[in-house]
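S.K.: Dropping a structure here in structure tokens format, bear with me for questions.
The values are calculated or read from the model by the stated rules, or taken from the named source; none is laboratory data. This one's a predicted model, so the numbers in the text were calculated from it and none came from an experiment. Note: ideal-geometry Cβ built from the backbone for every residue, glycine included; neighbour counts use all protein chains shown. For the accessible areas, the whole protein counts, side chains as well, though only heavy atoms, and no ligand, DNA or RNA atoms are used. Shrake-Rupley method; radii C 1.70, N 1.55, O 1.52, S 1.80 Å.
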Amino acid sequence: MSTIFDFGRGLAIVVALYLLGTWLHRVGVPIPGGVLGLLLFYGALLAGVVKLAWVERAANLLLRHMVLLFVPLTVGLMELGKVLSRQALALTASLLVSFVAVLLTTGVLGRWLLPQAAESTEEEAGR
Amino acid sequence: MSAAAWVRTPAFSIGLTVLAYWAALALHRRWRWVPPIVAACVPIVAALLLLREPYAEYNRGGDVLTWWLGPATVALAVPMYRNGLALRRSLPRLALMVLAGAVVGMATAGGTAWLLGAPRAVAMSAVPKSVTTPIAVEVSRELGGIPQITIALVILAGVLGATFGPALLRLAGVREDRAVGAAMGTASHGIGTASLVRRSEMQATVSSWAMAAAGVFTSLLAALLRLVAR
């Protein structure tokens with residue numbers, strides 16, 4: 001019983017913050033509603049207004065099954081065959097170039113900023 | 001109600017999607033290399049083609065599921081907060097790394113597509129391709145992109161990271177756990193993060209934080225971009 005209550009309360013908080021975010025977006029804040037909701041939620045957790053234990057269950061369910069939520073849009077690719085085949089080169093190049101660029105920018109910057117720490121946990125034989 | 005009319009209800013679309021997703025998860029449990037998103041979409045596309053059902057009709061019910069991407073974005077605050085607590089001391093440096101990755105990612109994705117002649121909507125669809133799906137979809141819409149194309153690129157960026165990310169980072173001499181985690185989370189969001197869970201707890205923690213932070217930075221940068229362009 002308390003599990004259901006926990007879950008319901010967590011879900012209500014998340015949905016309420018999302019609706020608040022979309023409303024703020026509609027009245028002129030240039031950040032998408034979901035991200036505004038995320039920032040408000042993060043702030044509420046930091047301030048202790050919302051306790052982690054209230055929301056963990058609902059948040060974990062939404063995150064674990066996120067793939068289900070983007071199935072309908074992905075199915076929509078079936079109508080975009082023409083655009084995709086015509087732009088295949090541009091899209092593939094953009095994907096590859098940008099993937100390598102992001103990975104190396106953040107990684108190499110980390111190499112400079114973060115000293116090789118004792119907390120490294122990965123097995124690194126032969127280094 | 002005739003069969004055709006029944007197919008046209010939102011309940012049918014939602015039921016079909018949940019069923020396909022459930023079957024895809026079962027398939028993924030047995031054969032790990034089957035990506036759940038692909039396994040879920042293939043039978044739905046087949047069913048729609050077979051029933052001669054237009055996508056727009058299916059998507060009236062689909063929109064109900066898509067709406068929940070919004071609350072899922074909000075829910076990202078939970079891992080961000082939890083992992084942020086564990087990383088407190090290195091958080092400012094990690095934020096700087098993620099921000100730099102986000103800027104470079106948006107510029108190179110949009111820039112490369114534009115240089116190769118992609119129309120504006122296609123190039124804009126590529127801009128948020130490094131970040132987690134719900135945020136990428138919102139940013140793509142804001143920029144005038146096509147969310148479906150964005151999703152395809154987002155998934156591929158995740159698969160690229162999970163497959164080649166750690167090896168590429170090693171080649172570049174990046175070995176420190178927090179640096180590896182931040183790079184993977186920034187470039188390959190949840191799919192990259194999930195691939196780190198069995199390698200190193202520290203890498204996965206940082207990656208999960210970086211994935212949420214990259215999403216936030218990318219939407220802030222997109223907002224800035226739109227203000228400047230206006």
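S.K.: Assess whether B:A162 counts as being within 14 Å of the chain's Cα centre (by Cα), open to solvent by 30 Å² or more (accessible area, probe 1.4 Å) and over 22 Å from B:V127 (Cα atoms).
M.R.: no
S.K.: Taking the residues in region B:180-220 that are over 21 Å from the mean Cα position of the chain (by Cα) and not in a loop (DSSP other than H, G, I, E, B) as candidates, determine which candidate is nearest to B:T108 (Cα to Cα).
M.R.: B:M202
S.K.: Hey, another quick one. Looking at region A:1-14, I want the residues that are closer than 16 Å to A:V49 by Cα and have a partner that is in a loop (DSSP other than H, G, I, E, B) and open to solvent by less than 60 Å² (accessible area, probe 1.4 Å) with Cβ atoms under 8 Å, at least 6 apart or on another chain. Which pairs are those?
M.R.: That search, which allows pairs on different chains as well, returns A:I13/A:V50.
S.K.: What number of residues in region B:177-211 are of a type in the set (A, V, I, L, M) and closer than 11 Å to B:L94 by Cβ?
M.R.: 5
S.K.: Hey, can you tell me all the residues within region B:115-137 that are within 7 Å of chain A (Cβ to nearest Cβ), among the hydrophobic types (A, V, I, L, M, F, W, C) and over 18 Å from B:A212 (Cβ atoms)?
M.R.: Those that are within 7 Å of chain A (Cβ to nearest Cβ), among the hydrophobic types (A, V, I, L, M, F, W, C) and over 18 Å from B:A212 (Cβ atoms): B:L116, B:A118, B:V122, B:A126.
S.K.: Go through the residues of region B:39-57 one by one and say whether even a single one is open to solvent by 20 Å² or more (accessible area, probe 1.4 Å) and in contact with a Gly (Cβ under 8 Å, 6 or more places away or on another chain).
M.R.: Scanning region B:39-57, I find no residue that is open to solvent by 20 Å² or more (accessible area, probe 1.4 Å) and in contact with a Gly (Cβ under 8 Å, 6 or more places away or on another chain), so the answer is no.
S.K.: Out of B:A157, B:A182, B:A136, B:A167, I need the residue that is of a type in the set (A, V, I, L, M), open to solvent by 10 Å² or more (accessible area, probe 1.4 Å) and on the phi < 0 side of the Ramachandran plot. Which one?
M.R.: B:A167
S.K.: Filter region B:194-218 for residues that are over 30 Å from B:L143 (Cα atoms) and at the interface with another protein chain (Cβ under 9 Å from one of its Cβ atoms); which is most open to solvent (accessible area, probe 1.4 Å)?
M.R.: B:E201
S.K.: For region B:19-128, give me every one of the helices (runs of 4 or more DSSP H) that falls completely inside it and has 1 or more residues that are among the charged types (D, E, K, R).
M.R.: B:55-67, B:77-86, B:91-115, B:120-126
S.K.: Does any residue of region B:81-104 turn out to be touching a helix residue (DSSP H, G or I) at 6+ places or on another chain (Cβ under 6 Å), more than 26 Å from A:W112 (Cβ to Cβ) and more than 7 Å from chain A (Cβ to nearest Cβ)?
M.R.: For region B:81-104, residues touching a helix residue (DSSP H, G or I) at 6+ places or on another chain (Cβ under 6 Å), more than 26 Å from A:W112 (Cβ to Cβ) and more than 7 Å from chain A (Cβ to nearest Cβ): absent.
S.K.: Which pairs do you get when a residue that is within 16 Å of B:A167 (Cβ to Cβ), found in region B:178-194, comes within reach of a residue that is outside any helix (DSSP H, G or I), reach meaning Cβ atoms under 7 angstrom, with the pair 6+ apart or on two chains?
M.R.: Final answer for the pair search is B:A179/A:L114; B:V180/B:V174; B:A183/B:V174; B:A187/B:S130.
S.K.: Go through (1) under 22 Å from B:S90 (Cα atoms); (2) open to solvent by less than 10 Å² (accessible area, probe 1.4 Å); (3) assigned to a helix (DSSP H, G or I) and name the single condition B:V174 misses.
M.R.: In the conditions (1) under 22 Å from B:S90 (Cα atoms); (2) open to solvent by less than 10 Å² (accessible area, probe 1.4 Å); (3) assigned to a helix (DSSP H, G or I), B:V174 misses (3) alone.
S.K.: Here is a follow-up. Inside region A:101-116, can you point out the residues that are open to solvent by 10 Å² or more (accessible area, probe 1.4 Å) and either more than 7 Å from chain B (Cβ to nearest Cβ) or small (G, A, S) (or both)?
M.R.: Matches in region A:101-116: A:A101, A:W112, A:P115.
S.K.: Sticking with this one: Of the residues B:T108, B:T150, B:T112, B:T132, only one is modelled with pLDDT of 95 or more and under 15 Å from the mean Cα position of the chain (by Cα); which?
M.R.: When all the criteria are applied, what remains is B:T150.
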